[in-house]
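See structure below.
The values are calculated or read from the model by the stated rules, or taken from the named source; none is laboratory data. As the structure is a computational prediction, the values presented were derived from the model and not from experiment. We place every Cβ from the backbone using ideal geometry, glycine too, and count neighbours over all the protein chains shown.
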Amino acid sequence: MRQRHVISVLVEDHPRVLTRITSMFARRGFNIDSLAVGRTHIPGVSRISFVVEGDDRTIEQVEKQLNRLIEVLKVVDHEGPRLERELALVKVRVEGIEERIELKEIAEAFRAHIVDVARHALTFEVTGHPAKIDRFLEELSNYGVLETMRTGAVAMDRGERVIKLRARREAV
Amino acid sequence: MTGAEVLLEALVREGVEVIFGHPGGAIMPVYDALYHRRELRHILTRHEQGAGHAATAYARASGRVGVALATSGPGALNLTTALADAMMDATPLVAITGQVPTTAVGTDAFQEADVTGVTMPITKHNYLVSDVNDLPRIVKEAFHIARTGRPGPVLIDLPKDVQNDTFTGSFPETIDLPGYRPTYKGHPRQIERALAALRAAERPILMVGGGAQHAAQPIRRFVERTGIPVIATLQGLGVVAADDPRFLGMPGMHGTVAANRAIHEADLILGIGLRFDDRVTGDVARFAPNLKTLIHVNIEPADIGKVIEAQIPVVGDAAWVAERLAEGAEPLALDAWWRRIRAWQEENPLPFPEDGELRSQAVIKAFGEATGGEAVVVTGVGQHQMFAAQFYPVKRPRSFLTSGGLGTMGFGLPAAIGAQVARPGETVLLFDGDGSFQMTLQELATVAKYRLPIKIVLLNNGFLGMVRQWQDLFYEDRYSEVFLADSNPDFVKLAEAYGIPAFRVERREELEDAVQRALAEEGPVLAEFRVKAEEGVFPMIPAGGSTEDMITEPPEEARS
Ligand SMILES: Cc1ncc(C[n+]2csc(CCOP(=O)(O)OP(=O)(O)O)c2C)c(N)n1
């Protein structure tokens, strides 16, 4: 059964590590719905999160092929309760006071902030589950959306579960 | 010490004795340092692809890591086919390429190519060295990565300025690769489950692949103990001796009827060191339809469950796991199963007519008999390759070297060079096709230069035979661009031009004498056999087919 998975990958923060991963995805025909990267609190370690869709077999291959890469330290499929957040910036054209008020109301409903105001444009910042951002954008589509930028989802397990790294020097 | 000297010191510390390579501008400091390090033998090939395949065959024939050296840009790019080949067939290789100076990287400098970018998908890992003090660590890691886990090629791209930089670091004793920890020891519980499943099976078979070449001893003991039928993939030939009564031959597209029928009927497959490639399985949905239990032993978790679901996955080293299986196994009661297999074998000997015509199959068989199956066999790619797999009775592991996963025409001659360098005292037989041979025949110069006593058996059918066979079977005899005979060189004169003795054989009656003549030659020799062109490799399961689609004999008109 095809399902949406959010996968976190801890990687060594080396040049081209992201290229290695995305090129592997492309080569093996895995589709990435979204991707986000950033440093972690551990020096030299970055964290990437992917949203991918696939059946169990595909997802198993995604994880195994990721693990094959030398610079990949840990791969976790967030299967349990998780936090999932995406950030978006959206610039919308506004004409007149009425539209301004309507847009403000929509923003409030989605807890979006107006982060920039111009004579004929408003820019919103919204964070949340990607599905929420989809709905926000849908609402705005009735107005003149000029520009959007989404970050890709980041995720973390709820509760006390954490992704741990093994740290051990191997003598060869 | 300069970076170039550090590199060579690090190679020596890894136990490297031989390097296959070709110089050029961006790797000259390394070649200059090499001039002073006589303990490192350098084999100069005439093309970097040759160096890559030679290093590959050296690795597979010796069990050590092969090393190839090339310059930047065109030199490195010429290596890429060999890297992809080594990746597919899990060969431990370290390739070192020169690169333009770090200051010039990214400027489209002379002979610059993004080699780490290009080789990313065809290497197990690669490095671009930016600091000379990292070099010993990188070399150590590269060898470790190349030889452990599922072996593979690792490339080190070394900018010219780094080769000249002064080293102020130290050589590390240990490796720290937190993201790379192959599992060697199969899980004891999985091994217990495997042994129990074997005891319960009625129609079990063992399938071995290239990943079992280093595990021949325990596997042979396991086979001895259990009496299980054995099938070897193209890369698994020699793990069990071809004359072992329990050996059924090769599976898949050009496998034996007995091997494919046995897979079709098997209720249990114990697969060691193979990945169920499509040439083995055909249509996956119809592969082994009676299978209840697949025990899949592989050191690479990603190769388990990729094609066929494994009920008992065992992640671990083939030799380690086979050792445990051999210890724990009991004789299996397989009389009924063996009776069926023997019947398939008797009804379906490998077909080829002995009608007085000079055929590739007969040539290979004659060499097999004359060498007692003890030679190191190397092949090109095509019909002759499949005939070699079918008719040369490979007795020993690491002794059948062929390009399987990538199917690289031109692999043969340079690979024979690597094999002969790895095993100097042994007979190396190269079975090559006229098409394949012409893709890398410049390496005749290398054979001559080092007087490598390779026996080149050129099976000249005047065609790109394997393509012609497909045109016969699937394209209504439309022989589009496969005819070579009108423009092939005189291969005998060609070899002689390189100072290599050569002779031509045109008739079946001359075969036995010709074999003796070739084998009696002390140095290299090229024996050209003008073999029958209208010939097919059978049995054949067409691509994407199953055992039920097996063509066991050539169609009528193709036989005339
Ligand atoms: C580099 C490369 N190009 C093309 C092919 C496709 N191909 C596979 S077999 C074959 C014909 C090989 O001819 P030859 O070496 O004469 O061997 P024969 O089949 O005649 O024995 C070709 C063209 C290949 N495997 N490798």
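Every condition in (1) part of a loop (DSSP other than H, G, I, E, B); (2) at pLDDT 95 or above; (3) of a type outside the set (Phe, Trp, Tyr) is met by residue A:15 except one, and the failing one is (2). Could you please let me know if residue B:176 is of a type in the set (D, E, K, R) and either within 19 Å of the chain's Cα centre (by Cα) or more than 14 Å from chain A (Cβ to nearest Cβ) (or both)? When the stated conditions are applied, residue B:176 does not pass them.
Pairs meeting the criteria (first residue in the stretch A:28-45 and over 23 Å from residue A:60 (Cβ atoms), second residue part of a strand (DSSP E or B) and among the hydroxyl-bearing types (Ser, Thr, Tyr), beta carbons under 7 Å, at least 6 apart or on different chains) are A:37/A:46; A:38/A:46; A:39/A:46; A:40/A:46. Within this structure, residue B:415 fails the test of being of a type in the set (Gly, Ala, Ser), touching a Pro at 6+ places or on another chain (Cβ under 8 Å), modelled with pLDDT of 95 or more and not assigned by TED's automatic domain parsing to the domain that holds residue B:64. Only one entry in B:424, B:453, B:501, B:489 is farther than 30 Å from residue B:16 by Cβ, away from the ligand (no atom under 16 Å from the Cβ) and not assigned by TED's automatic domain parsing to the domain that holds residue B:86, namely B:501.
Charged (D, E, K, R), surrounded by fewer than 17 Cβ atoms within 10 Å (Cβ to Cβ) and more than 30 Å from residue B:182 (Cα to Cα), is that true of residue A:95?
On the way: charged (D, E, K, R): yes; surrounded by fewer than 17 Cβ atoms within 10 Å (Cβ to Cβ): yes; more than 30 Å from residue B:182 (Cα to Cα): yes.
Yes: the conditions hold for residue A:95.
Among the residues of the stretch B:106-115, not a single one is among the charged types (D, E, K, R) and surrounded by 22 or more Cβ atoms within 10 Å (Cβ to Cβ). With a requirement of 1 or more residues that are within 14 Å of chain A (Cβ to nearest Cβ), none of the helices (runs of 4 or more DSSP H) lying completely within the stretch B:279-393 satisfies it. Please find, among A:79, A:98, the residue that is within 27 Å of residue B:305 (Cα to Cα), charged (D, E, K, R) and away from chain B (no Cβ under 14 Å). On inspection, the qualifying residue turns out to be A:79. Please determine whether any residue of the stretch B:244-266 is in contact with a Phe, Trp or Tyr (Cβ under 7 Å, 6 or more places away or on another chain) and in a loop (DSSP other than H, G, I, E, B). So far as the stretch B:244-266 goes, no, none of its residues is in contact with a Phe, Trp or Tyr (Cβ under 7 Å, 6 or more places away or on another chain) and in a loop (DSSP other than H, G, I, E, B).
The residues listed here are A:135, A:100, A:93, A:150; of these, the one that is among the basic types (Lys, Arg), without any contact (Cβ under 8 Å) to a residue 24 or more places away in the chain and not assigned by TED's automatic domain parsing to the domain that holds residue A:34 is A:100. Checked against (1) in contact (Cβ under 8 Å) with a residue 24 or more places away in the chain; (2) outside any helix (DSSP H, G or I), residue B:425 passes all but condition (1). Of all residues in the stretch B:439-450, those satisfying the criterion of being within 13 Å of the ligand (Cβ to nearest atom) and in contact with a Leu (Cβ under 8 Å, 6 or more places away or on another chain) are B:440, B:441. Residues that are touching a residue at least 40 places away in the same chain (Cβ under 8 Å), of a type in the set (A, V, I, L, M, F, W, C) and either in contact with a strand residue (DSSP E or B) (Cβ under 6 Å, 6 or more places away or on another chain) or closer than 17 Å to residue B:265 by Cβ (or both) within the stretch B:275-309 comprise B:280, B:287, B:295, B:297, listed in sequence order.
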